[in-house]
Amino acid sequence: MTAALIINERLSLAESEIEIRAMRSQGAGGQNVNKTSSAIHLRFNVAASSLPAHYKEQLLALRDHRVTDDGWVVIKAQQHRSQPMNRAEALERLADLIRAAGVVRITRKATKPTRGSKRRRLESKIHRGR
């Protein structure tokens, strides 16, 4: 059985669809930072994935710096000093991004102000002017 990234109770991704590469972390960390590859570079091809069409459309329509014009989600995790913790964080960020894309947004229906609210607004303006 292959490992899977659980998005929600009905949706999961096979980890074979996700490219994970270890690389050297940036920033402070002493001499050990020059020898270990603790940062994680995660790449996920949205178009070639097994996600439902709705999720793919929403992910590609996102105005997010992590989604490239080619349809790849790129996440770099280097917060922690250990590679497994950075790997878990990168996978969790990907799952959060996919969950956010799956939320159906309700469109706002334009309404007109009531006659009473117009009257109250005008009366308050008259009152303030006096």
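The values are calculated or read from the model by the stated rules, or taken from the named source; none is laboratory data. Here the structure is a predicted model, which is why all the values come from computation and not from measurement. Ideal geometry is used to build each Cβ from the backbone, glycine not excepted, and the neighbour counts take in all protein chains shown. For accessibility, only protein heavy atoms count, side chains too; no ligands or nucleic acids. Shrake-Rupley method; radii C 1.70, N 1.55, O 1.52, S 1.80 Å.
Hey, does the range 109-126 have a residue that's within 18 Å of Lys56 (Cβ to Cβ) and not in a helix (DSSP H, G or I)?
no
Which pairs have Cβ atoms under 7 Å, sit 6 or more apart or on different chains, and link a residue in the range 68-91 that is more than 28 Å from Gln58 (Cα to Cα) to one that is at pLDDT 85 or above and among the β-branched types (Val, Ile, Thr)?
Pairs found: Gln83/Ile40.
May I ask you to say which residue of Val103, Val73 is surrounded by 14 or more Cβ atoms within 10 Å (Cβ to Cβ) and not acidic (Asp, Glu)?
From the options Val103, Val73, the qualifying one is Val73.
With the requirement that a residue be more than 13 Å from Ala22 (Cβ to Cβ) and either at pLDDT 90 or above or out of contact with any helix residue (DSSP H, G or I) (no Cβ under 9 Å at 6 or more places or on another chain) (or both), what does the range 74-87 give you?
Val74, Ile75
Within the range 10-20, is even one residue under 14 Å from Leu97 (Cα atoms), modelled with pLDDT of 85 or more, of a type outside the set (Gly, Ala, Ser) and open to solvent by 50 Å² or more (accessible area, probe 1.4 Å)?
Scanning the range 10-20, I find no residue that is under 14 Å from Leu97 (Cα atoms), modelled with pLDDT of 85 or more, of a type outside the set (Gly, Ala, Ser) and open to solvent by 50 Å² or more (accessible area, probe 1.4 Å), so the answer is no.
Looking at the range 23-51, which of the residues that are outside any loop (DSSP other than H, G, I, E, B) and open to solvent by 50 Å² or more (accessible area, probe 1.4 Å) is modelled with the highest pLDDT? Break it down stepwise before answering.
In the first step, residues of the range 23-51 are kept if they are outside any loop (DSSP other than H, G, I, E, B); the result is 23, 31-34, 39-45.
Pick out the ones that are also open to solvent by 50 Å² or more (accessible area, probe 1.4 Å) and you get 23, 31-32, 34, 43.
Details: Met23: 85, Gln31: 65, Asn32: 65, Asn34: 63, Arg43: 92.
By that ranking, first place goes to Arg43.
Got a number for residues in the range 68-87 being within 15 Å of Ser37 (Cα to Cα) and not in a strand (DSSP E or B)?
As a first pass, look at the range 68-87 and keep what is within 15 Å of Ser37 (Cα to Cα): 76-87.
Filter once more, keeping what is not in a strand (DSSP E or B): 78-87.
Result for the range 68-87: 10.
Quick one: count up the residues across the range 99-119 that are at pLDDT 90 or above and of a type in the set (A, V, I, L, M).
1
Between a first residue in the range 40-67 that is in contact (Cβ under 8 Å) with a residue 60 or more places away in the chain and a second residue that is in a strand (DSSP E or B) and loosely packed, with under 11 Cβ neighbours inside 10 Å, which pairs have beta carbons less than 7 Å apart while being 6 or more apart in sequence or on different chains?
Listed by first residue and then by second, the contacts come to nothing, as the list is empty.
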